[in-house]
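Engineer: Before I ask anything, let me first share the structure, which is written out below as structure tokens.
The values are calculated or read from the model by the stated rules, or taken from the named source; none is laboratory data. Here the structure is a predicted model, which means the values were calculated and not measured. No Cβ is skipped: glycine too gets one built from the backbone with ideal geometry, and neighbour counts run over all protein chains shown.
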Amino acid sequence: MRIVVAGGTGFIGGALTGRLAAEGHEVIALSRDPDHASIPRGVQFVRWDGVSPGDWASSVRDAGAVVNLAGASIAGGRWTSWRKREILSSRVNATRALIDAVARGGGSPPVFVSSSAVGYYGEVKTGDVTEDQPPGSGFLADVCVRWEQEALAATEVGSRVVILRTGVVLGRGGGALPKMMLPFRFFAGGPVGTGRQEFPWIHIDDVAGIVAFAISRAEVSGPLNVAAPGCTDIGAFCSALGRAISRPSWLPVPSFALRAALGEMADMLLTGQRVVPARLTALGYTFKYPSLAPALASVV
């Protein structure tokens, strides 16, 4: 089928578009800068602005699926007032533009898959967090709620909507892992804060696999916790990371130091939630990397 991926040149988008093209789909990646994009074999790139319908809108006509991964990086700098507006508006505007394009095209893709994040749940100190958990509080939770509300508007044009509440994605060449590995390379790695906050993670191959699964299975709709079943606390994660790269994990990073360095963005590491992929498990998705040690070994 024709699959349109907004944000198809990013860390997750590159892995996803490459997989979908290898499976024989016609893949169109929407990019703000296609001339400088790394192009997986078999993927076509189309320029868009992520804000308003334009010439790119013709790409979504007759699409079998639209996947929305667009949005400014949440780890791209301190969360100033300007940066917060960019994080929110880039997600809301891109999602709205995609749905407007679908509506104006006079048809609708059978499925609209849209990103969100486990930040939707805010901090949950105890207990398993399934897709039935209500939204939490805080900046990231507010962003995810607004983002999901925009995506759910695709139901009004007749699409099946799947929401990906994604944990920290582990993969080569992008995401959080290279930044987390840096102090370990200099023998200065260790747990963050108390080390006891839960740290939901997911291998990038499973993110791509879950999107492909959601597209192909008509019974999949609504929110999915895109996190491995082997959720762990950040102290255990840092210990496993140290072992994976043969470095010690001995130097804790105090909460006050992290807040001084990152400001409000430190909440991403100092709070957590034990996210479990309840719906994916019930639907029969088989994780390629359900356990942390093999997942880290494949990407470091």
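Engineer: Among the residues of the stretch 9-29, are any touching a residue at least 12 places away in the same chain (Cβ under 8 Å), small (Gly, Ala, Ser), in contact with a strand residue (DSSP E or B) (Cβ under 7 Å, 6 or more places away or on another chain) and within 24 Å of Glu264 (Cα to Cα)?
Structural biologist: Checked against the condition, which is being touching a residue at least 12 places away in the same chain (Cβ under 8 Å), small (Gly, Ala, Ser), in contact with a strand residue (DSSP E or B) (Cβ under 7 Å, 6 or more places away or on another chain) and within 24 Å of Glu264 (Cα to Cα), the stretch 9-29 yields no hits at all.
Engineer: What residue, among those in the stretch 151-173 that are under 12 Å from Val207 (Cβ atoms), out of contact with any Cys (no Cβ under 9 Å at 6 or more places or on another chain) and not aliphatic (A, V, I, L, M), is modelled with the lowest pLDDT? Outline the logic, then answer.
Structural biologist: Filtering the stretch 151-173 for residues under 12 Å from Val207 (Cβ atoms) gives 164-171.
Narrowing the set further to residues that are out of contact with any Cys (no Cβ under 9 Å at 6 or more places or on another chain) leaves 164, 166, 168-171.
Retained after the next criterion (residues that are not aliphatic (A, V, I, L, M)): 166, 171.
Working: Thr166: 97, Gly171: 94.
Checking each candidate, the answer is Gly171.
Engineer: Any residue in the stretch 89-108 that's closer than 19 Å to Ala141 by Cα: show its pairings with residues that are modelled with pLDDT of 95 or more and basic (Lys, Arg) at Cβ separation under 8 Å, as long as the two are six or more apart or on different chains.
Structural biologist: Filtered contacts from the stretch 89-108: Arg91/Arg146; Val92/Arg146.
This table checks each residue for (1) modelled with pLDDT under 90; (2) more than 20 Å from the chain's Cα centre (by Cα); (3) closer than 29 Å to Gly119 by Cα.
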| residue | (1), (2), (3) |
| --- | --- |
| Thr9 | yes, no, yes |
| Ile28 | no, no, yes |
| Ala37 | yes, no, yes |
| Trp48 | no, yes, yes |
| Ser58 | yes, yes, no |
| Arg61 | yes, yes, no |
| Val66 | no, no, yes |
| Leu69 | no, no, yes |
| Arg78 | yes, no, yes |
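Engineer: Which condition does Ala75 not pass, out of (1) over 20 Å from Leu270 (Cα atoms); (2) surrounded by fewer than 16 Cβ atoms within 10 Å (Cβ to Cβ), if it passes all the others?
Structural biologist: Status for Ala75: all satisfied but (1).
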